[in-house]
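Since every read-out is calculated from the coordinates, none of them should be taken as a lab result. Here the structure is a predicted model, which means the values were calculated and not measured. Reconstructed Cβ throughout: ideal geometry from the backbone, glycine too, with neighbour counts over all protein chains shown.
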Amino acid sequence: MSFSPVPLAPSKLLDPLALRAAFGAFATGVTVITALDDQGAPVGMTANSFGSVSLDPPLVQWSLRLNSGLHRVFVNAAHFSVSVLSVEQEHLARQFSSRAADRFAEVDLIVSANEPPLIARAVAHFVCKKVNDFRVGDHELFIGEVLRCQSFGGEPLVFHSSKFRVLEP
């Protein structure tokens, strides 16, 4: 039996709101991604595009809009860290997705020399060396090799249909 793929409609024919709703039907975890800027100061943002790529070598991915104010910092950064947020950290997801001047204000961090900070009490941490980034559509896709990781247990914060959610036991 042969298979003939059905051609997809060009994106200009898609309703952007319908596309956003369809993307939102896929539940994701919520993370804070951090890096150090050229002066060594931490920057961070909320992302739900994080995911695993490979176990061997250990690789992860995430993406960022090209027009983000942090785009250049992450493109230039050699490393990034990922904190997978817990249900108790919804306020941090909101804080790191805001336009606040200091997104790190009153945030309990785990800091190591020459590495992006991690969010304390997250359900998992990843410290990564950036191995590549690609422009894909209106986003930059970042690939990182996991140098260290740790899982702490607890309930993760989930994002679905444009809302933060809690998993039912």
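Observations
- Any chance residue 94 is under 30 Å from residue 22 (Cβ atoms) and either in a helix (DSSP H, G or I) or touching a His at 6+ places or on another chain (Cβ under 9 Å) (or both): yes
- Within segment 126-144, being surrounded by fewer than 19 Cβ atoms within 10 Å (Cβ to Cβ) and not acidic (Asp, Glu) holds for 129, 130, 131, 132, 134, 135, 136, 137, 139, 141, 143.
- Reported count of residues in segment 30-60, each being more than 22 Å from residue 89 (Cβ to Cβ) and either charged (D, E, K, R) or surrounded by 13 or more Cβ atoms within 10 Å (Cβ to Cβ) (or both), is 6.
- Total residues in segment 46-65 satisfying the condition of being over 17 Å from residue 122 (Cα atoms), under 14 Å from the mean Cα position of the chain (by Cα) and not polar (S, T, N, Q): the figure is 6.
- When segment 141-154 is filtered for residues that are farther than 15 Å from residue 51 by Cβ and touching a strand residue (DSSP E or B) at 6+ places or on another chain (Cβ under 6 Å), the ones remaining, listed by number, are 147, 148, 150, 151, 154.
- Restricted to segment 105-169, the set of strands (runs of 3 or more DSSP E) holding at least 2 residues that are over 20 Å from residue 29 (Cα atoms) and either without any contact (Cβ under 8 Å) to a residue 40 or more places away in the chain or of a type in the set (A, V, I, L, M) (or both) comprises 124-136.
- Those residues of segment 113-156 which are under 13 Å from residue 58 (Cβ atoms) and among the acidic types (Asp, Glu), in sequence order: 145
- Verdict on residue 88 being assigned to a strand (DSSP E or B) and in contact (Cβ under 8 Å) with a residue 24 or more places away in the chain: no
- Residues that are within 19 Å of residue 86 (Cβ to Cβ), under 16 Å from the mean Cα position of the chain (by Cα) and not hydrophobic (A, V, I, L, M, F, W, C), drawn from segment 117-162: 117, 125, 156, 160
- Condition met for residue 82 (assigned to a loop (DSSP other than H, G, I, E, B) and either touching a helix residue (DSSP H, G or I) at 6+ places or on another chain (Cβ under 8 Å) or buried (at least 18 other Cβ atoms within 10 Å of the Cβ) (or both)): no
- Condition check for residue 99: closer than 26 Å to residue 163 by Cβ, of a type in the set (Lys, Arg) and part of a loop (DSSP other than H, G, I, E, B): yes
- Search result, residues across segment 41-76 that are in a loop (DSSP other than H, G, I, E, B) and more than 17 Å from residue 101 (Cα to Cα): 48, 49, 50, 55, 56, 57, 58, 66, 67
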